[in-house]
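Taking it in order: structure first as structure tokens, then the write-up.
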Amino acid sequence: MSKAVVVVGGGVIGLSIAWRAAAAGFRVRVVDPAPGSGSSWVAGGMLAPVTEAWPGEEDVLALGAASLRRWPEFAARLQAEAGRDPGLHTAGTLAVGVDAADRDELARLAEYLTSLGREVHQLTGRELRGLEPSLGPAVRGGLNVPGDLSVDNRLFLAALRAACAANGVEFIAVAAAETLPGKVLLDNGSILDSEVTVLAAGAWSARLHPGLAGLIRPVKGEILRLRHRRGALPPPTRTVRGSVRGKPIYLVPRPDNGLVLGATQYEAGFDTDVVAGGVRDLLLHAEELMPSIAEYALVETAAGLRPGSMDNLPLLGWLEPGLLVAAGHHRNGVLLAPVTAEVVLDLLADKEITPEAKAADPGRSR
Ligand code: GLY
């Protein structure tokens, strides 16, 4: 008999693990009252470890870069098993700035990335507009990072669900109340037996195991979805990661000529209201980078909860025998899905994990 694995959480992390574990021969059940919702549904879908790099977070960059290298093969395999396009978009990313302080910050980022051997090209505003004519005159300089990609998070989720179904993953649409080695207690009072439990419940993970108390917290983010309308300049082909007088914003194009704008960041507990000030700021800053946005249709506003950790690295490894954690991916859940699934599969098989994931051991907090 193959081993029974229960994955708690049906976001991009839980579904990626469930798919790969089922394809490797495990009997897999996913516990989630609404799989594929939450922050995975709201996400911008940037696969951008370089443009989101931060000095002092070298381990985050190394893990993100390791996962980005795995993305093309992961997407190709997903497409083959799901029979549908997972939405990988390979046009690259521009990091752009408006005022002198934004440009200084980008120059510092370029210097830092170059010192780490990463490929970045510094461009003037005119050169940036040559690449992306929808960028406005306020954009005064930036970086071209062709290796940072994006994925349509909703196509990705649909493909993961199809690949899980094709590999016999069972879905249990109930919330988990507690994860223990050997069993998962559900909100409806029932108990699921498991040989291995994988806790992948994003921002809710700390509520499900006392060993994670205080280690994972919700970090709210709002996004807007816009649709191009006839007569307006079309969206950029690349992701645009902007700094507008110190305020971060990103614009991620979608294959249907749509655009995702993100994202605000608040430490506000489990609140998922979209607030008027968040929408105003995102629109104001985005319009400064791309004036034609004012003519687009605003089709959706949404908020999700990033699972923040103490050092922005996920917690990835054994919490205790029979209980793995794969949570705390903060801004990088979609990016880190391939490497996370690989690490969990290696741990299930008692294999050495990729060196970039060792810094994410959950024991580092003790
Ligand atoms: N990865 C982008 C965000 O968390 O908003």
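All of the numbers you see were taken from the coordinates with simple rules; none came from a lab. What you see is a predicted model, and the numbers here were worked out from it, not measured in a lab. Positions of Cβ are generated from backbone atoms using ideal geometry, with glycine treated the same way; all protein chains shown enter the neighbour counts.
Brief remarks on what is shown
- With all projection directions averaged, the alpha carbon convex hull of the chain covers 17.4 nm².
- Beta bridges per DSSP, both residues in the chain: antiparallel share near 70 percent.
- Rounded to the nearest 500, the helix-only mean residue ellipticity at 222 nm of the chain stands at -9500 deg cm²/dmol, with each DSSP H run of n ≥ 4 adding -39,500 (n - 2.57).
- Summed residue charge, Cβ within 11 Å of His228's Cβ, Lys/Arg positive, Asp/Glu negative: +2
- The GluC sites (Glu not before Pro) of region 66-120 that meet both conditions, a loop assignment by DSSP and at most 16 other Cβ atoms within 10 Å of the site Cβ, are Glu119.
- Our summary gives region 1-116 a relative contact order of 18 percent, counting only alpha carbon pairs under 8 angstrom and 6 or more residues apart.
- FRET efficiency for Gln265 and Ala91, using Cβ-Cβ distance with R0 set to 25 Å, rounded to 0.05: 0.50
- All lysines inside 26 Å of Lys3 as judged from Cα atoms, apart from same-chain residues fewer than 8 positions distant: Lys183, Lys351, Lys358
- Taking every C-alpha pair closer than 8 Å and separated by at least 6 residues, the mean separation divided by the residue count of the chain gives a relative contact order of 24 percent.
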